[in-house]
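The values are calculated or read from the model by the stated rules, or taken from the named source; none is laboratory data. Note that the structure is predicted; figures quoted are calculated from it, not measured. Because the Cβ atoms are built from the backbone with ideal geometry, glycine has one as well, and the counts that use them run over all protein chains shown. To get the accessible areas, we keep the full protein, side chains included, count just its heavy atoms, and leave off ligands, DNA and RNA. Shrake-Rupley method; radii C 1.70, N 1.55, O 1.52, S 1.80 Å.
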Amino acid sequence: MAGDLAGRTAIVTGGAQGIGEGAVRALHADGAAVVIADVRVAEGEKLAAVLGERVRFVELDVRDPGDWSRVVTQAESAFGRVNVLVNSAGIAPVAPLVEYGAEAFQHALDVNVVGLFHGITAVVPAMRRAGGGSIINVGSIGGFRAYPLMSGYITSKWAVRGLTKATALELGVDGIRVNAVHPGQTDTPMTDGADFDTAHVALKRVGHPADIAGAVLFLAGDNSRFVTGADLVVDGGDLAGSANWDSVPDQSAE
Ligand SMILES: NC(=O)c1ccc[n+]([C@@H]2O[C@H](COP(=O)([O-])OP(=O)(O)OC[C@H]3O[C@@H](n4cnc5c(N)ncnc54)[C@H](O)[C@@H]3O)[C@@H](O)[C@H]2O)c1
């Protein structure tokens with residue numbers, strides 16, 4: 001049975017794995033045609049082959065405006081229109097501040113912020129032709145607080161929130177909504193081997209790509225038609241709690 005997104009086309013960056021793959025699967029299951037756009041060619045092509053109909057893989061480095069125009073052209077020629085963009089591609093360099101290096105810092109900004117800017121500017125003409133659209137930027141709860149050893153990443157994720165609001169303000173007149181989804185600790189290849197800390201998380205578990213995909217689906221479809229410029233935190237209550245859980249009184253005490 002066709003879902004709410006039948007007849008619409010979504011481009012998902014970072015769609016070959018992790019949170020992006022979760023979004024690809026959910027959008028496709030809801031009826032959308034999906035373009036998986038990623039630097040990981042083998043993984044992206046494999047996922048496209050598994051899902052079959054209504055899915056294409058196109059190689060994309062989000063830092064390259066030429067790649068972006070190819071992705072949008074191919075999406076329109078394959079499926080007729082572009083209605084949804086999910087910017088999930090991201091990197092997370094980890095190192096102490098003085099060892100981080102300007103190159104890694106710049107790399108985080110280039111992929112996690114400038115890559116989103118290129119994507120948004122590339123899809124706007126196509127979304128105008130389609131009569132509107134929905135852009136979903138994947139930020140992080142690291143855009144609300146800081147973590148050590150991630151100076152470039154944290155800086156980039158705070159910037160995602162600013163970019164989301166600035167672009168939402170300008171694009172509303174075109175019927176294009178721009179929102180951000182901010183995952184908490186999520187089990188993906190990016191966090192492979194990570195020492196997750198869920199003691200202070202309300203729901204006492206890490207997230208999975210399908211958890212984040214629920215929020216992406218909401219923002220992609222018409223149920224969020226009056227939502228733009230918003231930050232949607234999807235973290236099981238991580239931000240709501242205290243990272244310094246040891247300082248909180250024991251709730252089990254009489
Ligand atoms: N996993 C988490 O705990 C978590 C938490 C908060 C936010 N996030 C954010 O969610 C997004 C997805 O993360 P994930 O956990 O799925 O990571 P992941 O590493 O599993 O997947 C990221 C994908 O982005 C692609 N990518 C990287 N650089 C690219 C580039 N230059 N051009 C195109 N594609 C590129 C990778 O090839 C990969 O397929 C990121 O923006 C990340 O910062 C993740």
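Taking amide H positions as placed in the peptide plane 1.01 Å from N, state which residues far from VAL34 in sequence (5 or more) or on other chains have amide H under 5 Å from it. It is ALA10, VAL55, ARG56, by chain and number.
Helix content alone sets the calculated 222 nm mean residue ellipticity of the chain: runs of n ≥ 4 DSSP H residues at -39500 (n - 2.57) each, divided across all residues, give -12000 deg cm²/dmol. Take every pair of alpha-carbon atoms less than 8 Å apart whose residues are at least six positions apart; their mean separation over the length of the chain yields a relative contact order of 19 percent.
For segment 124-254, report the % of Cα-Cα distances exceeding 20 Å. When every Cα pair of segment 124-254 is considered, 52 percent fall beyond 20 Å.
Where a Cα-Cα gap under 17 Å defines reach, which lysines qualify for LYS165, not counting those fewer than 8 residues away within the same chain? LYS165 reaches LYS157. Counting only the Cα atoms, segment 9-240 fills a convex hull of 118 Å³ per residue. Using a probe of 1.4 angstrom and keeping all protein chains present, the accessible surface of segment 9-240 works out to 43 square angstrom per residue.
Of interest is the spacing of the C-alpha centroids, which for segment 107-162 and segment 185-219 amounts to 19 Å. In the context of the full protein assembly, LYS165 retains an accessible surface of approximately 90 Å², using a probe radius of 1.4 Å and ignoring ligands and nucleic acids.
Rounded to the nearest Hz, the phi-derived 3J(HN,Hα) couplings of segment 70-75 under the Karplus curve 6.51 cos²θ - 1.76 cosθ + 1.60 (θ = phi - 60°) are 5, 4, 5, 4, 5, 5, where x marks glycine and proline. Axis of helix 151-171 versus longest Cα principal axis of the chain: the two differ by about 40°, to the nearest ten degrees. Largest first, the residues TRP158, TRP68 sort by 1.4 Å accessible area into TRP158, TRP68.
About the centre of its Cα atoms, segment 1-79 shows a dipole size close to 100 debye [charges on the beta carbon of Lys, Arg (+1) and Asp, Glu (-1) only; nearest 20 debye].
For segment 9-240, the fraction of 1.4 Å probe accessible surface lying on carbon and sulfur atoms is 57 percent.
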